[in-house]
């Protein structure tokens, strides 16, 4: 962190902020952008939904810049290191997803997972970003954003997430309320709980991905507001599209393999960010018609246009994988393999790319290779059950 903060404070060129389109990523982008504003460092905002070789190449085609990957990048740090090998700038990755091993003299990889912390339960991407950025500028008034971004992590905020929470409470921006044994965090100046704001931001960033939603969300967060009218429009659009998706799945049902179950939305979510299929898959994992002991995979066609950046080569499908609760319990106990391990290897075998956590992951795979991905995924679980880890 000291090395990264010194680099940021001494940097005089243009920085490129690359961040995810969910609430954690948007809060990460806003925290970093606010810090760079206070440093007087010019920077550009680029919101991406996934990291793949094609997307990394497109990002680094911007040339010799300082690239900050926020709440995204760790799972394919190897790709970023390979791109740096070609001489295109310097990169800092500040993330909490399961990290790939990567080293390069121009890469600083800040992921608490590399230092014994859990990205599943102890630290969000926005907290990791906040802990770095508070080293380069006075950001006490931004700690509340790390609290909102941490809403994706279940349970009371603890460990590294607690640092950002304590700072937000001291700044007078957050109240901690007890509801039974659990805690509830209210953003005082907005009068709303952290988890509600998180859901609203994810709708703006993901459903509004192709309508400049991520940039509008980041700028609003920096101004300590939430664009409510915009949020309502995207939340209503999400409600309608999800209702269509659930109706379609009710008619068609899920396809099943030995260890997996899956569905394909095709173009149903066209115009929405591909994070939407991950949200839908998470919701679906709690429904009664889902096999509680099989991995759940959702597919949707991926728009190759990256807003504000350009178009990636090829034709791609987004795959999102989730574990119903009983299966997640087995994964935690070591009785079944982590979703991220399976997704990374299965995607790699068919020419795709994936990353994520033990209980949730996603990736981009070549269009038309969905059945191949399912076969590889099913086969990897079978290998694990036979005593061969993926």
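The values are calculated or read from the model by the stated rules, or taken from the named source; none is laboratory data. All figures in this text were calculated on a predicted structure; none of them were measured in a lab. So basically every Cβ, Gly included, is an ideal-geometry build from the backbone, and we count neighbours across all protein chains shown.
Since residue 381 meets every condition but one in (1) surrounded by fewer than 19 Cβ atoms within 10 Å (Cβ to Cβ); (2) modelled with pLDDT of 95 or more, which condition does it not meet?
Of everything listed in (1) surrounded by fewer than 19 Cβ atoms within 10 Å (Cβ to Cβ); (2) modelled with pLDDT of 95 or more, residue 381 misses just condition (1).
Report yes if some residue within segment 35-43 is at positive phi and not assigned by TED's automatic domain parsing to the domain that holds residue 345; otherwise report no.
yes
Within segment 103-125, identify whether any single residue is assigned to a helix (DSSP H, G or I), assigned by TED's automatic domain parsing to the domain that holds residue 23 and in contact with a helix residue (DSSP H, G or I) (Cβ under 7 Å, 6 or more places away or on another chain), and answer yes or no.
Taking segment 103-125 first, the residues assigned to a helix (DSSP H, G or I) are 112-115, 125.
Narrowing the set further to residues that are assigned by TED's automatic domain parsing to the domain that holds residue 23 leaves 112-115, 125.
Remaining after also requiring in contact with a helix residue (DSSP H, G or I) (Cβ under 7 Å, 6 or more places away or on another chain): 112, 125.
Yes, there is a match, as at least one residue in segment 103-125 is assigned to a helix (DSSP H, G or I), assigned by TED's automatic domain parsing to the domain that holds residue 23 and in contact with a helix residue (DSSP H, G or I) (Cβ under 7 Å, 6 or more places away or on another chain).
So residue 272 ticks every box in (1) assigned to a helix (DSSP H, G or I); (2) crowded, with 21+ Cβ neighbours inside 10 Å; (3) touching a residue at least 40 places away in the same chain (Cβ under 8 Å) but one. Which box is left unticked?
(1)
Are any residues in segment 15-63 at pLDDT 95 or above, part of a loop (DSSP other than H, G, I, E, B) and farther than 20 Å from residue 316 by Cβ, and if so, which ones?
The answer is 40, 41, 42.
May I ask you to say which residue of 351, 372, 298 is more than 21 Å from residue 18 (Cα to Cα), at pLDDT 95 or above and buried (at least 22 other Cβ atoms within 10 Å of the Cβ)?
On the way: 351 fails: buried (at least 22 other Cβ atoms within 10 Å of the Cβ); 372 fails: buried (at least 22 other Cβ atoms within 10 Å of the Cβ).
Exactly one residue qualifies, and that residue is 298.
What is the residue count in segment 231-254 for residues that are under 22 Å from residue 378 (Cα atoms) and loosely packed, with under 14 Cβ neighbours inside 10 Å? Please lay out each step first, then the result.
First, the residues of segment 231-254 that are under 22 Å from residue 378 (Cα atoms): 249, 252-254.
In the following step, the residues that additionally are loosely packed, with under 14 Cβ neighbours inside 10 Å were identified as 252-253.
Residues that pass the stated criteria total 2.
Does at least one position in segment 133-155 carry a residue that is outside any loop (DSSP other than H, G, I, E, B), farther than 18 Å from residue 185 by Cβ and modelled with pLDDT of 95 or more?
Yes: one or more hits.
Take the conditions touching a helix residue (DSSP H, G or I) at 6+ places or on another chain (Cβ under 7 Å) and over 23 Å from residue 367 (Cα atoms) and apply them to residue 221. Does it pass? Before you say what the answer is, go through the steps one by one.
Working: touching a helix residue (DSSP H, G or I) at 6+ places or on another chain (Cβ under 7 Å): yes; over 23 Å from residue 367 (Cα atoms): yes.
So residue 221 fits the description; yes.
Any chance you could count how many residues in segment 182-200 are closer than 14 Å to residue 144 by Cα, part of a helix (DSSP H, G or I) and touching a helix residue (DSSP H, G or I) at 6+ places or on another chain (Cβ under 7 Å)? First the steps, then the outcome.
Filtering segment 182-200 down to residues closer than 14 Å to residue 144 by Cα leaves 184-198.
Checking which are part of a helix (DSSP H, G or I) leaves us with 194-198.
From what is left, the residues that are touching a helix residue (DSSP H, G or I) at 6+ places or on another chain (Cβ under 7 Å) are 194-195, 197-198.
Residues in segment 182-200 being closer than 14 Å to residue 144 by Cα, part of a helix (DSSP H, G or I) and touching a helix residue (DSSP H, G or I) at 6+ places or on another chain (Cβ under 7 Å): 4 in total.
Of the residues that sit in segment 64-88 and are part of a loop (DSSP other than H, G, I, E, B) and touching a residue at least 40 places away in the same chain (Cβ under 8 Å), which one is surrounded by the fewest Cβ atoms within 10 Å (Cβ to Cβ)?
Applying the first criterion (part of a loop (DSSP other than H, G, I, E, B)) to segment 64-88 yields 64-65, 71-73, 86-88.
When the remaining residues are screened for being touching a residue at least 40 places away in the same chain (Cβ under 8 Å), the result is 64-65, 71-73.
Working: 64: 11, 65: 19, 71: 31, 72: 27, 73: 32.
Within segment 64-88, the match that is surrounded by the fewest Cβ atoms within 10 Å (Cβ to Cβ) is 64.
Considering segment 216-230 alone, what residues qualify as being buried (at least 19 other Cβ atoms within 10 Å of the Cβ) and part of a helix (DSSP H, G or I)?
Of all residues in segment 216-230, those buried (at least 19 other Cβ atoms within 10 Å of the Cβ) come to 217-218, 220-221, 226-227, 230.
Answer for segment 216-230, where residues must be buried (at least 19 other Cβ atoms within 10 Å of the Cβ) and part of a helix (DSSP H, G or I): 217, 218, 220, 221, 230.
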